[in-house]
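The values are calculated or read from the model by the stated rules, or taken from the named source; none is laboratory data. Because the structure is predicted, anything quoted here is derived from the model rather than measured. Here the Cβ is made from the backbone with ideal geometry for all residues, glycine too, and neighbour counts use every protein chain on show.
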Amino acid sequence: MIARRTFRVAMNTRRHQCFATSIDKDEWLWHNRFGHLNFQHLHQLSQKKMVIGLPEVRVPNEVCKGGIQCKQTRPRFKKFVPTKATEKLGVIYSDVCRPMQAETPSGNRYIITFVDDFTRKMWSYPIKRKNEVFSVFKRFKKLVER
């Protein structure tokens, strides 16, 4: 059985700039309908009669702030992330997954993972109960130190 969890998110939203400032102008309405399309391209569409019902579009003097925000790009992720560790086993990240609904044939319901920051290697161990974490960590440490 799959648990379907939904969460309510409270968000503060603003009214869209294009409609808020110039709702009476057809240019802005069509600009918004076409996903903030450039006004020069809208003008070409209306001149060549490529869209039925599109009125004569003139390029306005105002700038669509909503369009600028929508078209901004985010910076790229760094290709290289510096490590905090200077030696093997210097920094270990660990995580225990929540109990799985179906257990393995040997009765394991959890998985614990260890990631060594220096070598970037990952190990995972199946466990039956959370109270086994420390003994599994000692086993992992012994394995890595060899």
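Only one of the numbered conditions (1) modelled with pLDDT under 75; (2) within 30 Å of the chain's Cα centre (by Cα) is not met by Asp26, and that is (2). Within region 83-123, the residues that satisfy the criterion of being among the β-branched types (Val, Ile, Thr) and without any contact (Cβ under 8 Å) to a residue 24 or more places away in the chain are Thr104, Ile111, Thr113, Val115. Just a yes or no: is a residue in region 69-80 in contact with a strand residue (DSSP E or B) (Cβ under 9 Å, 6 or more places away or on another chain) and on the phi < 0 side of the Ramachandran plot? No, every residue in region 69-80 fails to be in contact with a strand residue (DSSP E or B) (Cβ under 9 Å, 6 or more places away or on another chain) and on the phi < 0 side of the Ramachandran plot. Among residues that are closer than 30 Å to His36 by Cβ, exposed (fewer than 13 other Cβ atoms within 10 Å of the Cβ) and not assigned by TED's automatic domain parsing to the domain that holds Phe39, Arg129 is not included. For region 80-104, the set of residues classified as outside any loop (DSSP other than H, G, I, E, B) and of a type in the set (D, E, K, R) consists of Asp95 only. Against the criterion of being surrounded by 10 or more Cβ atoms within 10 Å (Cβ to Cβ) and either touching a Gly at 6+ places or on another chain (Cβ under 9 Å) or of a type in the set (S, T, N, Q) (or both), Asp116 qualifies.
For region 70-89, indicate whether the set of residues that are among the small types (Gly, Ala, Ser) and at pLDDT below 80 is non-empty. The answer is no, given that none of the residues of region 70-89 is among the small types (Gly, Ala, Ser) and at pLDDT below 80.
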